[in-house]
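Read-outs throughout are calculated quantities, based only on the coordinates presented, and are distinct from any laboratory measurement. All of these numbers come straight from a predicted model, not from anything done at the bench. Quick reminder, even Gly has a Cβ in these numbers, built from the backbone with ideal geometry, and neighbours come from all protein chains shown.
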Amino acid sequence: MSREAPQGRATLPHASVRPGIVPSAAAQQPLLLVLSHLRWDFVFQRPQHLMSRAARAYEVLFVEEPIIAAPDTAAPRLELLRREPGITVAVPHLPPGLDARDATAAQRGLLDALLARHGVGPAAEGQPGRRRPFVAWFYTPMALAFAGHLAPDVTVYDCMDELSAFRGAPPEMVERERHLLARADLVFTGGRSLYEAKQSRHPRVFCFPSSIDAAHFARARTALEDPADQAPIGRPRLGFFGVVDERMDVDLVAALAEARPDWQFVMIGPVVKIDPAILPRRPNIHWLGPKKYAELPAYLAGWDLGFMPFAMNEHTRFISPTKTPEFLAAGLPLVSTPVTDVVRDWGDPGFVEIAADMPAMIARAEMLLARPREAWLARVDRRLATQSWDITWAAMEELIGQAPRLLRPVQEVPLLRPARGAPPPAAVAAPRGAAAASPARRTTALRRGADHA
């Protein structure tokens, strides 16, 4: 579910950067530095929805996790990819064989050079009139290892998943999150369960569950041509789209397909962190692979039901699937396993059917296939009219505007130990007990803070 975007490439080497030089077209915009564990071109989801909207007022630098370069690569480099207007994706390429400390130091050097080009960061300090308003937006606490020395005007932790519960999570994830919570000005959570888990750990935690681009998915309610790889598949079709990983109950998928060989199960999405060999293979299970975001409505238009066969385990305890309202916007009745946030937000109000096992899921699906949709769709549309990614971003933007560090008292907190060879970091502000300022709009507040830098 990647999204097509304009392509553009540049390479920023480890050195030879002129500090404080800001591209003139973006010089008057605040800078939004995003530190992400997800790649921009992987699946179009929460970070892409929010940053596409942020780019209307910010210059967005989206920094991904590093890629290990070819064996003959001698020095770290930063690949810059122009995506949507106002968004640059930065991909670190590191030489093979670096230990953890050297890899961290290399990422820090690349990040400092990138920020210096944009008028912020340690290399830009002391450049009169050069410093720009600067927001750091963390999706992963692990980025503190190479970005913990920065002093942004506002630090946001957008906690969209409980990353420590995911397969392969680094053992230091929990401790890094503790440090990030200590210095963040704002904490956003991607669902109610995450909010309840974080609300006692920070004074300014706000719940922003998965939202919806309703107009995009509503195209699935119209007559769209069936994609070529889906057209030969019979009916009825029960579909899933999203990442296929340890959160999927593959045994449930297999049991459903075996119990109902007359139903076709269409599975869309990349397979990650699990061995593809464990995926059930039956004539009525169709693994179609990842699709672009723009292509999804055409696939969903050819489905009869949606289903979400999430495993009920530690990996799914805190999830709030973005695809839930997307299924509904597409006009597809949906049955899901009892993920807590799905039950509370969508199941209990009667928008989504909940089933804990194979027999129950078959019974709910049979009911949905036979049920008239008109009254249900009317209720769905009334609910979806109250939420959108535009509404979510506007609320986040307003909170950022109330939180500039330069407009409130500063409390120092200890930082993580820097990587070998890195200069000692400075302390940053934490929001403990600080009264938030209330400017009319975010841009005004951040620029006022920058005037005092």
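Once Rg and the Kirkwood radius are both taken over the C-alpha atoms of the stretch 214-387, their ratio Rg/Rh works out to 0.92.
Here the simple spin-label model places points 7 Å from the Cα toward Cβ, and for A100 and I278 these points are separated by 2.5 nm. Report the paramagnetic label zone for L369: residues of the stretch 231-262 whose backbone N is under 19 Å from a point 7 Å from Cα along the Cα-to-Cβ axis. Label zone hits: 231-241, 252-262. For the stretch 86-115, list residues with backbone N below 19 Å from a point placed 7 Å from the Cα of A70 toward its Cβ? Correct set: 91-98.
Counting other Cβ atoms within 10 Å as a rough exposure proxy, the listed residues S52, S388 run S388, S52 from fewest neighbours to most.
Separation of the stretch 317-348 from the stretch 220-271 is 17 Å, based on Cα centroids. You can think of it this way: the chain between R219 and E172 has 12.6 nm of extra reach, that is 0.36 nm per residue less the Cα-Cα gap. Ignoring aspartates and glutamates fewer than eight residues from K198 along the same chain, the ones with Cα atoms less than 16 angstrom from its Cα are D158, D161, E162, E175, E177, D185, D341. Cross-link partners of K291 among lysines, defined as those whose alpha carbon lies under 17 angstrom from its own and excluding same-chain residues fewer than eight positions apart: K323. Potential lengthening of the chain between A197 and R379 amounts to 62.5 nm, from the contour at 0.36 nm per residue minus the alpha-carbon distance.
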